[in-house]
Amino acid sequence: MKKLSDYAKGASGISRRSFITGAAITAAGVGTAMLGGCSPSSSGGSSSSTGAAANTAEGADGLATSSWGATYPWPATPPEINADDIEEELDADVAIVGLGVSGVAAFRAAAEAGAKVVGFEKGSVPGVRSSQYCYVNGTLTEQLGLATMDEDALIEDEWNQCSQMTNYAIIRNFIRNQSDSFDWWVNGDPDMYIPAAGETISMMGSDEHPVSISAMVDLSVDYEHEPQAGYPTRVALTDHEHVVNANLQKGIDQGGAAYFGHFAEQLIMDGDTCVGVYVRNSESGMYKKVNCAKGVVLSAGGCGSNEDMVKAFYPAMAENGNLSAWPNMDVEGNPTNTGDAYKMGYWAGAAFSQMMAPMCHVMGGPNDVADMDASSGLTSPHLRLNYNGERFMNEDTNCSDCELVFDRQPQRKAFLIFDGHLDEQVGDCILDFPTTLAEIDAKVDGKTVFKGDTLEELFGAIEGMEVETALASVERYNELCASGVDEDFGKQAKYLFPVQDGPFYAQRMGVGLCLTTMGGLSSDEYAHVISTERKPIPGLYVSGNSQGDRFAVKYPFKLSGASHAMALYYGKVAGENAAAGI
């Protein structure tokens, strides 16, 4: 039997693009869209049979509007899909829209529950990015060298970090059950190596164990009192793509069919119930009408690549210029994460979560371009000054909370200020990627990193800097360092690093890149989509970054990896509940 990896490599002379935009990947192999009893049938039907959508209010230029008059950047009513537009019909139990971490989890879970499942992804392969997960109080906690946590305290903290504006039950169920879903996930990869107790695996894996788990914690760190230290529950998958593909293969082996190069564009509604989805085949330009006996799971990602949707749902991100660094592309050469679930959910009567949270991290660089490497730099708790020459924050602040402070600065930029003692000081800081003075020297360019033998020379080289104010700010800061008490912003004494022995350095920093958006359709702890009438929409489920009410205002930094872990957990929940029809 062929594996997904065989097709991805163009096995049997079939190119990836020619294959993925045609038929589905199934356990039976190439050239069929069969899914157990899910067989193609003759084209027929039209959008007029889809039932009445609850959200159809029309504003200016025919755009969608909310019940209170806000305008959304898509048509009030979905485009009509006629019988002549349909190339085939598929009958299934469950359809999964989007095959990233969450969608693949839903796909496998539904297939293993005995449902006839079809999955659709507009990219050429499953969507994968980054690799970190949190892992709370699971069977592997001790073996991986992680800490045992107070779950109730963790739930409360996550809820409070989001200003108590999320769905408490979503957070509660996630914290209490997510380790089981992670175990299921890693056990879905037959090549996964689980390190033995005391064994260290790097984030990049090793020649002997390329697919493994890397524990990213130091139990000696006082994480409760170190703002930049995440909870000791963070792990990384050394080959995330391998794990996602292996789990997709699990679903395929159970009879699921996965279509790539296919764009879900409209849900099929029978009254208030979701009974299917229209999906455009990028190769033919025609639609598949997918009839679902039990439900549709929207795991289509966020909207960070859609500028108009960002303005509508994440206005602070648009105002502050947080660039999107989303790397994944669809088969037509456009970025994914374009808010597909927002539109489809709206037309089906869904409500949106409130105070949606973008994942914006200040990573040390200037954020002049949407590039992770160019926007990364030193994030140590050294002195920071804005263009006015003023100190404006407690520098011992994590990358997520730091964003809110940078948003209020002139040009939304600041400068990290330190002297020639950097190498002695960095070892005392909580940093994932420590930087040496030699590395800083190699980056001095007079644009992003500046250097001067005197502070006057340093600040004079920065165009727009208020030099006299900056000198006075350094003098005041050095006085606080000498006293051991930060009367101005309350930074811990151990991070009061004076700036007094040249040469002197300044690293230009900006607001964070937006790694993803984390709002979406209003939901509950069962992965149901919630309507504007605050009731579950029958047959419609949501997970991943399409799922709202998980995060609000900001991404809580301390539980690092919660984004992937929650996408995985609620993807599994959505797949299981859709398969059960509950």
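Whenever a residue of region 508-531 is closer than 11 Å to residue 323 by Cα, its partners that are of a type in the set (Ser, Thr, Tyr) and assigned to a strand (DSSP E or B), lying with C-beta atoms within less than 6 angstrom and at least six residues away or across chains, give the pairs 514/324. When the strands (runs of 3 or more DSSP E) confined to region 376-458 are screened for residues that are under 28 Å from the mean Cα position of the chain (by Cα), those reaching at least 1 such residues are found at 413-418. Of all residues in region 249-265, those satisfying the criterion of being assigned to a strand (DSSP E or B) and surrounded by fewer than 24 Cβ atoms within 10 Å (Cβ to Cβ) are 263, 265. Of all residues in region 103-122, count the ones that are open to solvent by less than 10 Å² (accessible area, probe 1.4 Å) and not aliphatic (A, V, I, L, M). Result for region 103-122: 4. Would you point out the residue of region 545-570, among those that are open to solvent by less than 20 Å² (accessible area, probe 1.4 Å) and touching a Gly at 6+ places or on another chain (Cβ under 6 Å), that is nearest to residue 302 (Cα to Cα)? Step by step, filter region 545-570, then rank; the result is 546.
Out of contact with any strand residue (DSSP E or B) (no Cβ under 7 Å at 6 or more places or on another chain), under 27 Å from residue 234 (Cβ atoms) and without any contact (Cβ under 8 Å) to a residue 24 or more places away in the chain: does that describe residue 439? So residue 439 passes the test. Could you please let me know if residue 443 is basic (Lys, Arg) and either more than 28 Å from residue 161 (Cα to Cα) or surrounded by fewer than 16 Cβ atoms within 10 Å (Cβ to Cβ) (or both)? Yes. In the set 258, 236, only one residue is modelled with pLDDT of 95 or more, among the small types (Gly, Ala, Ser) and closer than 19 Å to residue 140 by Cβ; that residue is 236.
Would you say residue 368 is of a type in the set (Asp, Glu), touching a residue at least 24 places away in the same chain (Cβ under 8 Å), loosely packed, with under 15 Cβ neighbours inside 10 Å and outside any helix (DSSP H, G or I)? No: the conditions fail for residue 368. Number of residues in region 207-235 that are open to solvent by 50 Å² or more (accessible area, probe 1.4 Å), under 26 Å from the mean Cα position of the chain (by Cα) and over 20 Å from residue 380 (Cα atoms) equals 1. Here residue 429 meets the list (1) out of contact with any strand residue (DSSP E or B) (no Cβ under 6 Å at 6 or more places or on another chain); (2) farther than 19 Å from residue 473 by Cβ; (3) open to solvent by 60 Å² or more (accessible area, probe 1.4 Å) almost entirely, failing just condition (3).
The values are calculated or read from the model by the stated rules, or taken from the named source; none is laboratory data. Since this is a predicted model, take the numbers as computed values, not measurements. Glycine gets a Cβ as well: all are built from the backbone with ideal geometry, and neighbour counts include every protein chain shown. These area figures cover heavy atoms from the full protein model, side chains too; ligands, DNA and RNA do not enter into them. Shrake-Rupley method; radii C 1.70, N 1.55, O 1.52, S 1.80 Å.
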